[in-house]
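Q: The structure is given below, and queries will be raised subsequently.
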Amino acid sequence: MRREGDRPETLYIVMPAYNEEANIRSVVEAWYPLLEGKAEDSRLVIADSGSTDRTHAILTEMQKSCPKLEILENTGKQHGPKVISLYDHAIRRGAGYVFQTDSDGQTSPEEFPAFWELRHRYDGVFGNRTVRGDGQSRAFVEKVVCLLVRLFFGVSVPDANAPFRLMKTETVKKYLYRLPADYHIPNIMITVYFAYFQERAEFRTITFRPRQGGVNSIDFVKITKIGWKALKDFLYFRKDMKSGRSARRDG
């Protein structure tokens, strides 16, 4: 049952950003028009906190011509906590759907309408990057992640971490608050929750282009460090999921 004030057809397109001055203007210009034809209170929300370049200045300037563009500040500079804050924002605003992608220009807004058309059939529609433009090393990392997900949680998914996902916020709400607010890889665990608890989910092939400008803030060394910590986290989450407990974070 929905809470009073919830808006079932409202769409929140959400993106984390960090030092994306080379991409942010073109990304907003590409994604903002997708709000047309959606519920009037739909929004494009970008979490920009910690950027040391002109990302924030560009976003602030663009709000003059893009009134449905919102900026989340004070979310920390790390990607994972920003994604969690964005999902939490959509939930608290009562949005019916949340769509997450990144602000680096690697995903294509032209592929979103096909996802939107499936919104009533599935609780989540997830991108599957069968061909990746960001290098073989990252493709290898994703294969390892999917293998670990299968070993730890007994679920098989083709792409656990794709930043191209349309989800019902009421379903995201069931799982988001099991994660610590500063968790680094929330999208992986949310994908796991959808699969483990057999939510209605669909994976669709998407285009994943090379980064359109700037430098990725997460290098292979950081990925390795996050991966080692993930192993310990997976053990905890698996125990939590099997016990049925809810490891809710504060707030």
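Q: Give me the distance in nm between label points sitting 7 Å out from Cα along the Cα-to-Cβ direction at SER65 and ARG209, one decimal.
A: Each label point is offset 7 Å from its Cα along the Cβ direction, giving 1.9 nm.
Q: Non-local amide H neighbours of ALA47 (under 5 Å, H modeled in plane, Pro and chain starts lacking H): which ones?
A: MET15, ALA17, LEU72
Q: Continuing with the same structure: Quote to one decimal, in nm, the extra length available between THR52 and TRP116 on full extension: 0.36 nm per residue of separation minus the C-alpha distance between them.
A: This chain segment gains 19.6 nm when fully extended.
Q: Given DSSP loops and a limit of at most 13 other Cβ atoms within 10 Å, what is the longest stretch of the chain that contains no such GluC sites (Glu not before Pro)?
A: Details: sites that count: GLU4, GLU36, GLU40, GLU73, GLU117.
By the stated rule (loop sites, at most 13 other Cβ atoms within 10 Å), 118-251.
Q: Still on this structure: Given a 1.4 angstrom probe, what's the average accessible area per residue across the chain, in square angstrom? List each step's numbers first, then the result.
A: Working: 12010 Å² over 251 residues.
I get 48 Å² per residue for the chain.
Q: Which whole-number percent gives the relative contact order of the range 101-196, counting Cα pairs below 8 Å spaced six or more residues apart?
A: On the way: 78 pairs, mean separation 32.0, N = 96.
Computed value for the range 101-196: 33 percent relative contact order.
Q: Shifting gears a bit: Once amide H atoms are built 1.01 Å from N in the peptide plane, which residues 5 or more positions from THR10, or in another chain, come under 5 Å H to H?
A: Long-range HN contacts for THR10: GLY96, TYR97.
Q: Continuing with this model, one more query. Pop the C-beta distance of ARG200 and LEU151 into the FRET formula with R0 = 22 Å and round what comes out to the nearest 0.05. Mind showing how you got there, number by number?
A: Values: r = 24 Å, r/R0 = 1.11.
Efficiency, rounded to the nearest 0.05: 0.35.
Q: Would you list which lysines come within 27 Å of LYS229, measuring only between C-alpha atoms, while excluding same-chain residues fewer than 8 positions from it?
A: LYS77, LYS82, LYS143, LYS173, LYS174, LYS239, LYS242
Q: Of the candidates PRO81, PRO163, PRO180, which one comes out as most mobile in a Gaussian network treatment of the chain with C-alpha springs shorter than 10 Å?
A: PRO180
Q: At most 11 other C-beta atoms within 10 Å and a DSSP loop state: those are the exposed trypsin sites (Lys or Arg not before Pro) I care about. Give me the longest piece of the chain that has none.
A: Values: sites that count: ARG2, ARG3, LYS64, ARG121, ARG245, ARG248.
Between the exposed loop sites, the longest stretch runs 122-244.
Q: A further question on this structure: Taking 0.36 nm per residue of sequence separation and subtracting the Cα-Cα distance, how much length would be gained by fully extending the chain between ASP134 and ALA39, in nm to one decimal?
A: Working: separation 95, 0.36 × 95 = 34.20 nm, distance 3.41 nm.
Answer, rounded to one decimal: 30.8 nm.
Q: How much length would be gained if the chain were fully extended between ARG238 and ASN74, taking 0.36 nm per residue of separation minus their Cα-Cα distance, in nm to one decimal?
A: 56.0 nm
The values are calculated or read from the model by the stated rules, or taken from the named source; none is laboratory data. All of these numbers come straight from a predicted model, not from anything done at the bench. Positions of Cβ are backbone-derived with ideal geometry, glycine not excepted, and every protein chain shown enters the neighbour counts. Please note that ligands, DNA and RNA were not included when accessible areas were found on the heavy atoms of the full protein model with its side chains. Shrake-Rupley method; radii C 1.70, N 1.55, O 1.52, S 1.80 Å.
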